[in-house]
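The values are calculated or read from the model by the stated rules, or taken from the named source; none is laboratory data. Just so we're clear, the structure is a prediction, and the values are computed from it rather than from any experiment. A quick note on method: Cβ atoms are made from the backbone with ideal geometry, for glycine too, and the neighbour counts reach across all protein chains shown.
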Amino acid sequence: MISFEIEGEPVGKGRPKFSSRGGFARAYTPKKTTDYEKKVKECYLDQIGTKFECALRVEITAFYPIPKSTSKKNRVKMLRDEIRCTKKPDIDNIAKIILDALNGVAYEDDKQVVSIEVNKMYGEVPKVAVSLLDLC
């Protein structure tokens, strides 16, 4: 199993936007999504760089910052995962942006991912931790 981290607040895959400039509709990916996908690729290449050939299990944990207004009692509960994180983005959008960013970089195609686990929790430092397990 190999692991790497993406520092900063977790970002979910954005929905395609549409523009009708010039009289025809054109779909494009939001800048926030493309920027984060680029950051994920760079983190993977800097920290790992290996390309997998066979089936993979992917584990993703998104760590969110604890709000400043949180009481000390609740802060401890959040760090122990007794108070679960229900902040946006949705868990499926977190998985989608990570898997799409690693497509062609960590594996040839995301069809190689046969198992996935995604969790959201609070942490001292906002980040996304990703682990890849080669199932060959």
Being at pLDDT 95 or above and hydroxyl-bearing (Ser, Thr, Tyr) is the filter here; which residues of region 71-95 pass it? SER71
Regarding VAL114, is this residue in contact with a strand residue (DSSP E or B) (Cβ under 8 Å, 6 or more places away or on another chain), farther than 18 Å from CYS43 by Cα and not in a helix (DSSP H, G or I)? yes
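Quick grid of which residues meet (1) in a strand (DSSP E or B); (2) over 13 Å from VAL130 (Cβ atoms); (3) free of Cβ contacts under 8 Å to residues at least 40 places away in the same chain; (4) within 11 Å of the chain's Cα centre (by Cα):
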{"position": "PRO10", "(1), (2), (3), (4)": "no, no, no, yes"}
{"position": "ARG15", "(1), (2), (3), (4)": "no, yes, yes, no"}
{"position": "LYS32", "(1), (2), (3), (4)": "no, yes, yes, no"}
{"position": "CYS43", "(1), (2), (3), (4)": "no, no, yes, no"}
{"position": "ARG57", "(1), (2), (3), (4)": "yes, no, no, no"}
{"position": "ASN74", "(1), (2), (3), (4)": "no, yes, yes, no"}
{"position": "ILE94", "(1), (2), (3), (4)": "no, no, no, yes"}
Might you check whether a residue that is touching a helix residue (DSSP H, G or I) at 6+ places or on another chain (Cβ under 6 Å), surrounded by 16 or more Cβ atoms within 10 Å (Cβ to Cβ) and either farther than 20 Å from ALA129 by Cβ or among the aliphatic types (A, V, I, L, M) (or both) occurs anywhere in region 76-84? yes
